[in-house]
Ligand SMILES: [Zn+2]
């Protein structure tokens, strides 16, 4: 067996793009993917002929449920002019497009293809909140759905176990949310481009305009602690602990390292990648970690020869605020039980020692589930190339970034490390 | 009973008859709740049914205020949340369950680790649906 975890040839990202994320009643999956595709085309420094793309791998979780249409591989392929080339849909719940990315890398590493498009898309906003909750709950494990768990419910239970074990509390979840909004404010593709302070002021102005008494909050945490402004969803999680319902698409272009310079002088190398699988709440050994993340991370670190301390900027799957804290620990960035303290101390802010979710994360950038994994790669592409604009990480010698995508309630997780060389 | 398959369907039939059942692998002696047809460690199918005591302790819980459509029909809502969680059974395995009898108006007061006992909840709006596995604080 291959214990070296080495790709047969090196793979690079040579282009990356995404649609805006948000709620777009007038746009369908084709429209959004075309926007992502055009954004990607514009990102390829030396240009290229899209006819040279040999295959498409597309992540999509459940457009079947959300818009009652399945079989999106050829539909999206046709939308961007790739018929009759092979189009393969991957499904790993909220990690669907991370799996597409991985399949694209493997297809190039195998020598089969020299140019592959990988992407993801999801349109969720046409359903009611209750229906989306039902659709997402399809990705819990069967016993959980039967007794009434929702997606937020699974992460609520996880937060309850984490609080009990480590002495953290709601105020530590708020630290994550405040940071997410500071970053989302600076991302022009994000669903929420406002800080909490701005949202609080907007609510005050709205009340005043209606002639109602204007609410007053001492600070962001007072706002988040106000059950009127931030109602409970699944104890201890409240509305602002949860990512929104979103539409969107993202895609990246992959090539073997040997021809990277035909496309750009600044490719991103896939230094290491891993994927893991996990079990339901009843069978997990530890309710405060995700075994699939730990397995994926171990594989990616082994393949890259890098360590957690080498990762300078990272997008993690913050579907809920508690999840971001736990990922910081599972990925080895901070010891178990220290994730919440690191956030409270500002270490994960854009100017901290370990900037996390500079895009605003799922919480503010948005979470069209099938597009999220590849959209994380788009953010790292911008950061490592120094093209992230206002939200550029101010770190000197930025060279190594990573993406962590989690599917369902932790059943599927990926971790990919990128390097600028 | 020993000849029922070690399936989710059998687990549900037992619940419907007021029994919480697990199974033990006769090869490695590992206990499983819910039952499973193949031991994931030995990959052998030498299972036997084990009746669980129905006693346990609360590992983790949540109170849900945004119910899925089926539970909304049963009357749960923002003003009438329901609780679910993870219970570690006295025998050492865990189950996920609906939780009754917790003070949901003050979730901070719910003590993890407290003793719990099984309760079989009639499912559906009129109680004619599948039995739902439940737990409630154990009587002193
Ligand atoms: Zn066994």
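FYI, it's all coordinate maths here, none of it is from the lab. Since we're looking at a predicted model, the values are computed, not measured. Glycine also receives a Cβ, built like all others from the backbone with ideal geometry; neighbour counts cover every protein chain displayed.
Annotations for the structure displayed:
- Comparing the protein assembly as shown with the 2.2 N^0.38 Å rule of thumb, its C-alpha radius of gyration ratio is 0.98 (two decimals).
- Averaged over residues, the count of other Cβ atoms within 10 Å places the peptides A:260-268, A:12-20, A:99-107, A:118-126 in the sequence A:118-126, A:12-20, A:99-107, A:260-268, highest first.
- For a paramagnetic label modelled on residue A:341 (point 7 Å from Cα along Cα→Cβ), amide N atoms under 19 Å away belong, within the range A:302-321, to A:309.
- Net lengthening on full extension, residue A:51/residue A:239 (0.36 nm per residue, minus Cα-Cα): 63.2 nm
- Centroid-to-centroid separation of the range B:58-84 and the range A:267-344 [C-alpha atoms, Å]: 30 Å
- By other beta-carbon atoms within 10 Å, ranking A:24, A:155 with the fewest at the front produces A:24, A:155.
- Residue A:199-residue A:387 FRET efficiency (beta carbon distance; Förster radius 35 Å; 0.05 resolution): 0.80
- Rel. contact order, % - alpha carbon contacts under 8 angstrom, at least six apart, the range B:55-137: 31 percent
- Legend: calculated FRET efficiency, residue A:302 to residue B:111, from the Cβ-Cβ distance at R0 = 45 Å, rounded to 0.05, equals 0.60.
- Cα long-axis angle, helix A:291-304 against chain A (0 to 90 degrees, to the nearest 10): 40 degrees
- Within chain A, helix-based [θ] at 222 nm, where runs of 4 or more DSSP H residues each add -39,500 (n - 2.57), nearest 500: -11000 deg cm²/dmol
- Residues A:245, B:121, A:83, A:322, ranked from the fewest to the most other C-beta atoms within 10 Å, line up as A:83, B:121, A:245, A:322.
- Förster radius 35 Å - calculated FRET efficiency between residue A:64 and residue A:41, Cβ distance, rounded to 0.05: 0.75
- Mean-position separation - Cα centroids, the range A:90-131 and the range A:19-65, in angstrom: 11 Å
- Which of A:78, B:3, A:28 has the fewest Cβ neighbours within 10 Å, and the rest in rising order: B:3, A:78, A:28
- In degrees, nearest ten, helix A:170-184 long axis to first principal axis of chain A (Cα): 50 degrees
- Whether the range B:90-140 is rounded, prolate or oblate, judged on the alpha carbon gyration tensor where a/c under 1.5 counts as rounded: oblate
- Inter-site label distance for residue A:23 and residue B:43 at 7 Å from Cα along Cβ, in nm: 4.9 nm
- Rounded, prolate or oblate (a/c below 1.5 giving rounded, otherwise prolate when a/b exceeds b/c) for the range A:125-266 by Cα gyration tensor: oblate
- Rounded to 5, the percent of DSSP beta bridges in chain A classed as antiparallel: 75 percent
- Three-way shape call for the range A:209-250 based on the alpha-carbon gyration tensor, with the a/c threshold at 1.5: oblate
- Estimated from helices alone, the mean residue ellipticity of chain B at 222 nm is -2500 deg cm²/dmol (sum of -39500 (n - 2.57) over DSSP H runs with n ≥ 4, per residue).
- Both numbers refer to the Cα atoms of the range B:55-137; Rg and Dmax are 12.7, 36 Å.
- Rounded tilt (10° steps) of A:321-330 against the dominant C-alpha axis of chain A: 50 degrees
- Average Cα contact separation per residue, chain A, under 8 Å, 6 or more apart, as relative contact order %: 26 percent
- Other protein chain Cβ atoms within 10 Å, averaged over every residue that makes up A:393-405: 0
- Taking the average, over residues, of other Cβ atoms within 10 Å as the packing measure, peptides B:125-136, A:231-242 rank A:231-242, B:125-136 from highest down.
- Per residue of A:125-138, other chain Cβ atoms within 10 Å of the residue Cβ number 2 on average.
- Gain on full extension, evaluated as 0.36 nm per residue between residue B:4 and residue B:72 minus their Cα-Cα distance, stands at 21.1 nm.
- Per-residue mean of foreign Cβ neighbours for B:103-109 is 2 (Cβ atoms of other chains, 10 Å radius).
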